[in-house]
Amino acid sequence: MAAPPIRKLPPNFLWGFATASFQIEGSTDADGRGKSIWDDFSRTPGKVADGRNGDDATNSYKLWREDVALLTKYGVKTYRFSLSWSRIIPLGGRNDPINPKGIEFYSNLIDALLANGIVPFVTLYHWDLPQALHDRYGGWLNKDEIVQDFTRYARVCFEAFGDRVKYWLTVNEPWCVSILGYGRGVFAPGRSSDRNRSSEGDSSTEPWIVGHNVILSHAHAVKAYREEFKTKQGGQIGITLNGDWQMPYDDSPENVAAAQHALDVAIGWYADPVYLGHYPPYLHQMLGARLPTFSDAEWKVVKGSSDFYGMNTYTTNLCRAGGDDEFQGFVDYTFTRPDGTQLGTQAHCAWLQDYAPGFRSLLNYLYKRYRMPIYVTENGFAVKNESSLPRDLAIKDTDRVNYYRGVTASLLSAINDDGVDVRCYLAWSLLDNFEWADGYVTRFGVTYVDYATQERIPKESSAFVVKWFKERTQPAVPDLKLLSKSSS
Ligand code: GBH
């Protein structure tokens, strides 16, 4: 009997891989780049697990042509990367000079992608704030300054690249920017009330202020795009939020409520203002006067300030009421079910297990609540102990293949059976890279990076993802005009 026909993805579905500037570029002092808050933070002993930093990363500032060749070989439709603010405006501010070399670097990358039929999907901010803005006025803590400086930076990028870039993300994962940078203090700039970790910071107020300021900065960048560029350039712009599926530990009412509280703090904190025009009631209840407020004029800018829902997701948590972690909404996360079994295969990071049904549930939840087309802008898995294996074994990344097999099946069901409007799927990541506070030991790439030589070697997961999407979408079409230009 003939095999049933393969179920397709919608026409024009975008798929590909994602990266971020500080995680791959290296060359932190090349061509007039200014410092970012991750430069010195990652060089400070104790901040990064393996004691390494972002000075080299995957050397993509120098090897970007190899990265484009790899993407071309894979045959992706799109590539998501982020711009380094401090390469483009080394001191970051609205009156500071633009660095032509920074513009040139990204301009060449964009041309090379287009020449190979790859749609550039560009993030403006993936955590590498110019150090000068932090030193000058406290960076994200200072609303009036950061909103203006971020909006000007965004304008410079729309002006320089918007003729060729039609997909923009303003900020990547504001929960991480706020909570990890200004609450737990595990990410740059490393502020926290925990005096073992940081000499400065107030974890009870700063993360909520930073989150608020990120929302407003994002919204003003979108307003600038819509008013000054969109008609001419015709692109789309939005924010992308981290958020894992939160499942009640059991069906007790307090744990069912806990799962919703976890969603409210991880996702609703940002998504409710941007898509619905208010903060989640639970956030008001939890924070009282510590939750900053928007004026009516600000709400007008914030509400509706995203053309799509940008979704980064990795795992599912089982949620139980209680615990003292405000940053999780006073909800305890576990992977251990009431019967003692594990939710799924454990990754190298403690926070990640493979549970594909959660991916489908999250898509359904977000689509029902926010009613926006969804772009999955990150999703991936770090195989346990991958770095301790010789590379010919590491590239046989069966746990990662299984992870992608599960989520792609969930993706297809969400689209075809549940009617969720998903238009893009980006796997994290194109390459193993600088995994922030985890250093280089945790690997998320579908391509292995041998850090001694910077050689890139496709893992089995890349073959799985590529084949799966190629069978369900139309091929990428090179821009022949640009092809001759970029090869000359
Ligand atoms: C993404 O964040 C990032 O955008 C990307 O740069 C990164 O490389 C990738 O994931 C893989 O980590 O409670 O301190 O243990 C994913 C969202 C949210 C995952 C916070 C880890 C737990 C942090 N992250 N979460 S902690």
* Structure fact -> Honestly region 219-343 on the Cα gyration tensor test (a ≥ b ≥ c root eigenvalues; a/c under 1.5 rounded, otherwise a/b vs b/c for prolate or oblate) is just oblate
* **14 Å cut-off, amide nitrogen to a point 7 angstrom out along residue 369 Cα→Cβ, residues in region 162-193** => 175
* Asked: In whole Å, what is the distance between the alpha-carbon centres of region 150-174 and region 430-488?
  -> 23
* Each label point is 7 Å from the Cα along the Cα-to-Cβ direction; what then is the distance between the points at residue 297 and residue 349, in nm? -> 3.9
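About the Cα centre, and with charges only on the beta carbon of Lys, Arg (+1) and Asp, Glu (-1), how big is the dipole of region 383-460? Nearest 20 debye, please. Spell out each step's value before the answer.
On the way: 9 positive and 13 negative charges, 24 e Å.
For region 383-460, the charge dipole is close to 120 debye.
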* Asked: Under a point spin-label approximation (7 Å from Cα along Cα-to-Cβ), what is the residue 3-residue 252 distance to one decimal in nm?
  -> 4.7
* Please report the orientation-averaged projected area of region 368-474, defined via the convex hull of its C-alpha atoms, in nm². => 8.0
* Decide, for the chain, between rounded, prolate and oblate: order the square roots of the alpha carbon gyration tensor eigenvalues as a ≥ b ≥ c, take rounded if a/c falls under 1.5, and otherwise choose prolate if a/b is larger than b/c, else oblate. => rounded
* Asked: Once you sort the root eigenvalues of the Cα gyration tensor of region 271-328 as a ≥ b ≥ c, which label holds: rounded (a/c under 1.5), prolate (a/b larger than b/c) or oblate (the other case)?
  -> oblate
* **Sorted by Cβ neighbour density within 10 Å, fewest at the top, the residues 118, 457, 24** => 457, 118, 24
* Quote to one decimal, in nm, the extra length available between residue 452 and residue 196 on full extension: 0.36 nm per residue of separation minus the C-alpha distance between them. => 88.8 nm
* Asked: So if R0 is 45 Å, what FRET efficiency would residue 148 and residue 467 give, r being the distance between their Cβ atoms, rounded to the nearest 0.05?
  -> 0.45
* **Part-to-part distance (alpha-carbon centres) for region 1-48 and region 64-127, which is given in Å** => 11
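For residue 65 and residue 232 in one chain, what is 0.36 nm times their gap in residues minus the Cα-Cα distance, to one decimal in nm?
Going from the current span to full extension adds 57.2 nm.
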* To do: Report the charge-dipole magnitude of the chain in Debye, nearest 20, computed about the Cα centre from +1 at each Lys and Arg Cβ and -1 at each Asp and Glu Cβ.
  => 1500
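Can you tell me which of 25-32, 244-251, 376-383 comes out highest on packing, and rank the rest after it, using the mean Cβ neighbours within 10 Å?
Result, highest mean Cβ count within 10 Å first: 376-383, 244-251, 25-32.
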* Asked: Ranked from highest to lowest mean number of other Cβ atoms within 10 Å per residue, what is the order of the peptides 281-292, 104-115?
  -> 104-115, 281-292
* Asked: What length, rounded to one decimal in nm, is gained on full extension from residue 40 through to residue 278, with 0.36 nm per residue of separation minus their alpha-carbon distance?
  -> 82.0 nm
* Structure fact -> Between residue 336 and residue 95, Cβ-based FRET efficiency (R0 51 Å, step 0.05) works out to 0.40
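No lab work stands behind these numbers, since they all come straight from the coordinates. In this text, all values refer to a predicted model and were calculated from it rather than measured experimentally. Positions of Cβ are generated from backbone atoms using ideal geometry, with glycine treated the same way; all protein chains shown enter the neighbour counts.
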